[in-house]
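What follows is a short report on a single structure.
The values are calculated or read from the model by the stated rules, or taken from the named source; none is laboratory data. Note that the structure is predicted; figures quoted are calculated from it, not measured. Quick reminder, even Gly has a Cβ in these numbers, built from the backbone with ideal geometry, and neighbours come from all protein chains shown. Surface accessibility is based on the protein's heavy atoms, side chains included, excluding ligands, DNA and RNA. Shrake-Rupley method; radii C 1.70, N 1.55, O 1.52, S 1.80 Å.
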Amino acid sequence: AQAILAQAILDCGRAPTPPLRPLLCSAPARGRLFAAMSKKYCAAYLMAVLAGKESPSASDIQKILESVEAECDSAVAEKLVSELEGKTVHEVIVAGKEKLKGFGGGGGGGGGGGAAPPAGGGGGGGA
């Protein structure tokens with residue numbers, strides 16, 4: 001849940017994406033649950049925190065999602081809340097950013113061309 005929350009925060013401002021792929025873990029049931037968890041649950045959790053709820057509940061998440069006519073699976077919301085219980089959002093963000101550093105970050109841009117030709121005509125000086 002921490003990695004999902006951190007990724008949701010990093011994705012702010014990007015185009016919406018399909019639900020996250022399952023997290024790699026040994027428990028198949030946990031993987032299926034996280035496969036169903038899209039960023040909307042994390043975003044709703046963060047909105048509740050911004051609204052002043054220090055530890056949002058599953059019903060807070062549900063109210064936010066229903067306010068924009070989004071479907072809400074209460075099991076997913078409850079799982080997210082239980083995973084974040086006893087942690088502050090700031091701690092989760094810091095921990096998630098540290099984990100994401102290990103993934104690297106894409107390659108650099110393409111190579112630039114050679115130097116541009118000089119502007120203007122030849123150098124002048126005539127006889």
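Extension gain, A51 to A70: 0.36 nm times the residue separation minus the Cα-Cα distance gives 4.9 nm. Placing dummy labels 7 Å off each Cα toward the beta-carbon, the span from A119 to K101 is 4.3 nm. Entry comment: accessible area of the range 46-97 is 63 Å² per residue, from protein heavy atoms only and a probe of 1.4 Å. Under 20 Å of direct C-alpha separation, and excluding same-chain neighbours fewer than eight residues apart, K63 reaches these lysines: K39, K40, K53, K79.
If R0 is taken as 22 Å, the Cβ-Cβ distance between S59 and K87 corresponds to a FRET efficiency of 0.70.
Rolling a 1.4 Å probe over the protein heavy atoms leaves V94 with an accessible area of roughly 90 Å².
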